[in-house]
1. Within segment 71-92, which residues are acidic (Asp, Glu), within 21 Å of ASP40 (Cβ to Cβ) and open to solvent by 60 Å² or more (accessible area, probe 1.4 Å)?
2. Quick check on PRO68: is it open to solvent by 40 Å² or more (accessible area, probe 1.4 Å), under 19 Å from ARG6 (Cβ atoms) and touching a strand residue (DSSP E or B) at 6+ places or on another chain (Cβ under 8 Å)?
3. Can you go through THR81, THR34 and tell me which one is within 15 Å of VAL3 (Cα to Cα) and polar (S, T, N, Q)?
4. Any idea which of VAL48, VAL95 is open to solvent by 20 Å² or more (accessible area, probe 1.4 Å), among the β-branched types (Val, Ile, Thr), in a strand (DSSP E or B) and in contact (Cβ under 8 Å) with a residue 60 or more places away in the chain?
5. Exactly one condition in (1) at pLDDT 95 or above; (2) of a type outside the set (Gly, Ala, Ser); (3) surrounded by 13 or more Cβ atoms within 10 Å (Cβ to Cβ) is false for ASN25; which is it?
6. Return the only residue of ALA7, ALA32, ALA38, ALA11 being out of contact with any strand residue (DSSP E or B) (no Cβ under 9 Å at 6 or more places or on another chain) and farther than 19 Å from GLY86 by Cα.
7. Consider SER56 carefully, then state whether it is more than 16 Å from the chain's Cα centre (by Cα), open to solvent by less than 60 Å² (accessible area, probe 1.4 Å) and among the hydroxyl-bearing types (Ser, Thr, Tyr).
Amino acid sequence: MVVSKRAVVAAIPMRHLSRVKRAVNVNWRLVAGTAHPARDYGGPESGVEPFVEGNSFRILYVPILANPGGTRDRQFTVELTAASPGAELGPTPRVVVTILGDS
């Protein structure tokens with residue numbers, strides 16, 4: 001996923017693919033790369049995204065912070081780490097987010 005450095009958030013889509021749309025919690029965490037927490041992106045470093053019964057789509061919002069010194073592209077990773085018992089993570093448990101620089 002690529003976001004502008006002027007973006008307010010990176011919106012990470014999450015989909016519940018089970019045929020039975022029961023309530024499920026998905027644990028996630030942010031992993032620093034060339035982008036750093038509290039300088040390039042904000043929010044908690046980890047959390048739980050709840051899918052209520054019948055809900056098959058959620059969006060995880062990660063705040064993008066204004067960093068005037070960020071002239072190069074920077075990256076961090078959003079990683080899904082676990083799901084409720086009886087649920088599985090899909091084939092894409094992580095997404096790399098690139099914050100575009102000035103170039």
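1. Selection gives ASP73 alone.
2. no
3. THR34
4. VAL95
5. Failing condition for ASN25: (1).
6. One residue alone meets the criteria, ALA38.
7. For SER56, the condition - more than 16 Å from the chain's Cα centre (by Cα), open to solvent by less than 60 Å² (accessible area, probe 1.4 Å) and among the hydroxyl-bearing types (Ser, Thr, Tyr) - is met.
The values are calculated or read from the model by the stated rules, or taken from the named source; none is laboratory data. Here the structure is a predicted model, which means the values were calculated and not measured. Cβ atoms come from the backbone with ideal geometry, glycine included; neighbour counts cover every protein chain shown. Please note that ligands, DNA and RNA were not included when accessible areas were found on the heavy atoms of the full protein model with its side chains. Shrake-Rupley method; radii C 1.70, N 1.55, O 1.52, S 1.80 Å.
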